[in-house]
Each structure stands twice: as structure tokens, then as C-alpha cells.
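Structure record follows, encoded as C-alpha cells.
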Amino acid sequence: MSSVTSRAIHIAQHGGPEQLQLVQVIVGEPGPGEVRIRHHAVGLNFIDVYQRSGLYPMNLPVQLGMEAAGVIEAVGEGVSHLKVGDRAAYASQPPGSYCEVRVMPAKCVCKLPDGISFETGAAMMLKGLTAQYLLKRTLPQGGLQAGDFVLFHAAAGGVGLIACQWAKALGLRLIATAGSEEKCALALANGAEHAINYRAEDFAARVKEITGGKGVKVVYDSVGKDTWDKSLDCLAPFGLMASFGNASGPVAPFSPGILGTKGSIYVTRQTLFTHIATRESTQAMADDLFDMVLSGKVKIHIAQRYALEDVQQAHKDLEARLTTGCTILTL
């Protein structure tokens, strides 16, 4: 039996970025169904902020981080899809990617194609798999066909820029929202057909204008409280409100009766971890993502890089909406 030491980021209590502390940990051997992976790059996501702040309460102390890429160092009993030396990437529960080395469940770890770099792999797994399940699995009644309008909030973020490109590849007419003219321009450059600066315009009125009063088939919303009410007004009859995040805070309770008066619309709250609950589902979704990236139809934009020890600043910038595209920690 051997063990290695690793730098890692822990929180001992919920709170602000100052709770993120650099520590040394000892990493042992993988058990059955586990692997030990040495990271080359680590991805940052808004869910990390939710877990740190306590919006998503955690059992403390905890090591944060949901995605990374690196090389497999050791393989536990029963793991057949990975071997020592494989390049690999993942988005996975439990948290723990903010480190150099970790032991973790193997089921959500995927072999990384040679044509995709470690940095791209670390930046794209959680966000790319999220875009995949939204556009391919979280669908309105009757599904989505080429030419259909969809509304995507926070479209200049990591998930959003991937979704803009993927939607265009599917022939969808994506209407993007973002919080500045620069972010709107970025969404348009990545395949959005229209972009709305929600700080300057009433996005619901603009969506009705763009769609000739018909509304969109689906709204994909990771913003939450600030966009919820108007998003419901953007939907066509029988449309789908797909909530997958709470960047502005959780949505207030509402009466189901309003869904009827707004056009018999549907509401769903999705989370990636339901979709990647099995090895087979994870691999199928990852293969779809890898194909899109290797084909060049989806490019992963890494706009910010921070050293592991600068993770507090990374979280501050993420919360202040100063980031676009993907953010990674370098090791």
C-alpha cells in the first residue's frame, strides 16, 4: 500500500471566498470501484459557489470542486474502463477536484480522447455535459426541431457558450440573454441568433417581438430568482421552463395555478447528477460531447486561469460576474 501527499482546497465552514483554505492532505490507494487521478487542470463552476456559501449545504469540512482532467495513477478492483496511465476527465459527485491528487468513484470518470487537451477536458466536462442533457434530454412536449426558438439565460457563461454553439449545430434558433453588450456580442459570435442585454432591455418583451408574439418552446435558466417570472411569460403554450441553477438566488414559491393561465406550461428542475447516475449514461453523454468538440462544432473557451492557491480570487470574480466562458485552476 502506498500513499501520496497533495495540496487541496478545503472549507471548514460555509461563507465567503475567505473560507477556501489551502491544506496538505494524504491520499491513499483506491478501493473497489475507485481510481486515483493526478490532476493537470481543474474546472470551476457556479455550483462550487453554492456549496461554499451554504446555498447547497455540505457536511463539513469538505474539499470543493466538481470537475477536472488528469492521468490515472491507480485503479481499484472492479474498474475495467480505465487503466493506469490513461488520460481522463470527469464531472462528478462527490466534490473534491480542487487538489493535485484524489481518490474518487470511477463510474463518472471518462477516458479523455487524445485530441482534447487536459485544460479543455477540465473546463468542459460539467458545463458540456450540462449543455448536452439540456439540449438533448430536457425537451418540451413534442421535442425540439431545427428552426425552433429557445431562450438561454446567462448565455456568455461556460454552459451558455457551449449551448449557443451546440444549438446552432442542431439548427435551433437560440435567443441569448446576458448582462452586458460585450457578453451579448460573445453569445452572438458563438452561434446565438439573437442576444438581449437584460440590464438594458425587457427580455420578455423582446422575446415576444423576435418570435412574432408566439414565444419560445423552452427556456433554459440557471439564473433563478431574477429571471423566473418573466421567463414564464416568454413561453409558447405547452412550453417548458427548464431551471438548472440559482445564480441570483433560489426561486420563490409559486402557485401551480399560474402554469395553467400562462398557457398550460411545464416546469422542471434539472440537475446533472441525475443524468450521470450510471456509468452507461455518463459515457453516452460524454461521447456525444467529445464528438462535438473533436468535430470543431463546439469550441471550449477558457477565458480565465488561476493557480490553485489563488482560488479565493477566482471565486470572487465568478460571483462578481467578471468571468466569461470557462474558468480553470492550473496545477
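Bear in mind these aren't lab numbers, they're just calculated from the coordinates by the rules spelled out. Treat the numbers as computed from the prediction; the structure is a model and nothing was measured. Every residue, glycine as well, gets a Cβ built from its backbone with ideal geometry; the counts of neighbours run over all protein chains shown.
If the segment from Phe273 to Asn59 were pulled out straight at 0.36 nm per residue, it would be longer than the present Cα-Cα gap by 75.2 nm.
Within the listed set Val79, Val35, Val109, the Gaussian network model of the chain (springs between alpha-carbon atoms below 10 Å) gives the highest mean-square fluctuation for Val79. Note that the stretch 280-331, at 10 °C in a medium of 1.306 mPa s, gets a Stokes-Einstein diffusion coefficient of 123 µm²/s from its Kirkwood radius over C-alpha pairs.
What residue among Arg269, Arg87, Arg36 has the largest mean-square fluctuation in a Gaussian network model of the chain, using Cα springs under 10 Å? Looking only at Arg269, Arg87, Arg36, the largest GNM fluctuation is found for Arg269.
Using R0 = 22 Å, the C-beta based FRET efficiency linking Lys136 and Lys208 works out to 0.25.
Remark: the stretch 206-223, residue by residue, has Karplus-estimated 3J(HN,Hα) of 5, 4, 4, 5, 4, 8, x, x, 7, x, 9, 6, 8, 10, 9, 10, 9, 8 Hz, where x stands for each Gly or Pro and the curve is 6.51 cos²θ - 1.76 cosθ + 1.60 at θ = phi - 60°. For the stretch 139-269, the tally of Lys pairs with Cα-Cα distances below 23 Å comes to 18, considering only residues 8 or more apart or on different chains.
When Trp166, Trp228 are sorted by how many other C-beta atoms sit within 10 angstrom of their C-beta, beginning with the fewest, the order is Trp228, Trp166.
Listed by Cβ neighbour count within 10 Å, with the fewest neighbours leading, Met66, Met58, Met125, Met292 appear as Met58, Met292, Met66, Met125.
Please report, to one decimal in angstroms, the Kirkwood hydrodynamic radius of the stretch 139-269 built from all distinct Cα-Cα pairs. Mind showing how you got there, number by number?
On the way: mean 1/r = 0.0696 Å⁻¹.
By the Kirkwood definition, the hydrodynamic radius is 14.4 Å.
About the Cα centre of the chain, what is the dipole size in debye to 20, counting +1 per Lys and Arg Cβ and -1 per Asp and Glu Cβ, all else neutral?
Details: 30 positive and 30 negative charges, 109 e Å.
My answer is approximately 520 debye.
The mean sequence distance of close C-alpha pairs (under 8 Å, at least 6 residues apart), as a share of the length of the chain, puts its relative contact order at 17 percent. In summary, the aspartates and glutamates within cross-link reach of Lys316, defined as a Cα separation below 18 angstrom excluding same-chain residues under 8 places away, comprise Glu18, Asp48.
The three principal axes of the Cα atoms in the stretch 132-178 give end-to-end lengths of 28, 19, 17 Å, sorted in falling order. Comparing Leu134, Val218, Gly249 along the charge dipole axis of the chain, the residue lying farthest to the positive side is Val218, per the Cβ-charge model.
Ranking of Arg137, Arg7, Arg173 by neighbouring Cβ atoms within 10 Å, starting from the fewest: Arg137, Arg7, Arg173.
Give me the net charge of Tyr56's neighbourhood, meaning all other residues with Cβ under 15 Å from the Cβ of Tyr56; Lys, Arg count +1, Asp, Glu -1. Please list the in-between numbers first.
Details: positive: Arg52, Arg269; negative: Asp48, Glu319.
Cβ neighbours under 15 Å give a net charge of 0.
By the scheme Lys and Arg +1, Asp and Glu -1, what is the net charge of all other residues having a beta-carbon under 13 Å from that of Thr130? Walk me through the numbers on the way to the answer.
Details: positive: Lys127, Lys136, Arg137; negative: Glu67, Asp221, Asp288.
Residues close to Thr130 contribute a combined charge of 0.
Ordering Ile196, Gly171, Cys184 by the projection of their Cα atoms onto the charge dipole of the stretch 161-231, which places +1 on the Cβ of Lys and Arg and -1 on the Cβ of Asp and Glu, puts Gly171 at the extreme positive end.
Once the Cβ-Cβ distance of Gln24 and Ser80 is raised to the sixth power relative to R0 = 35 Å, the FRET efficiency obtained is 0.60. The helix-only estimate of mean residue ellipticity at 222 nm for the chain, built from DSSP H runs of length n ≥ 4 each weighted as -39500 (n - 2.57), is -8500 deg cm²/dmol after division by the residue total.
Quick one: if the Förster radius is 41 Å, what FRET efficiency do Lys262 and Asp291 give, using the C-beta to C-beta distance and rounding to 0.05? Provide the component values of the computation, followed by the final result.
Numbers: r = 37 Å, r/R0 = 0.90.
That pair, Lys262 with Asp291, gives E of 0.65.
Taking 0.36 nm per intervening residue step and subtracting the Cα-Cα distance, what contour gain separates Asp229 from Glu182 on full extension?
Values: separation 47, 0.36 × 47 = 16.92 nm, distance 2.52 nm.
Working it through step by step, the gained length comes to 14.4 nm.
Across Ala122, Ala195, Ala277, mean-square fluctuation computed from a Gaussian network of the chain (C-alpha pairs under 10 Å connected) peaks at Ala277.
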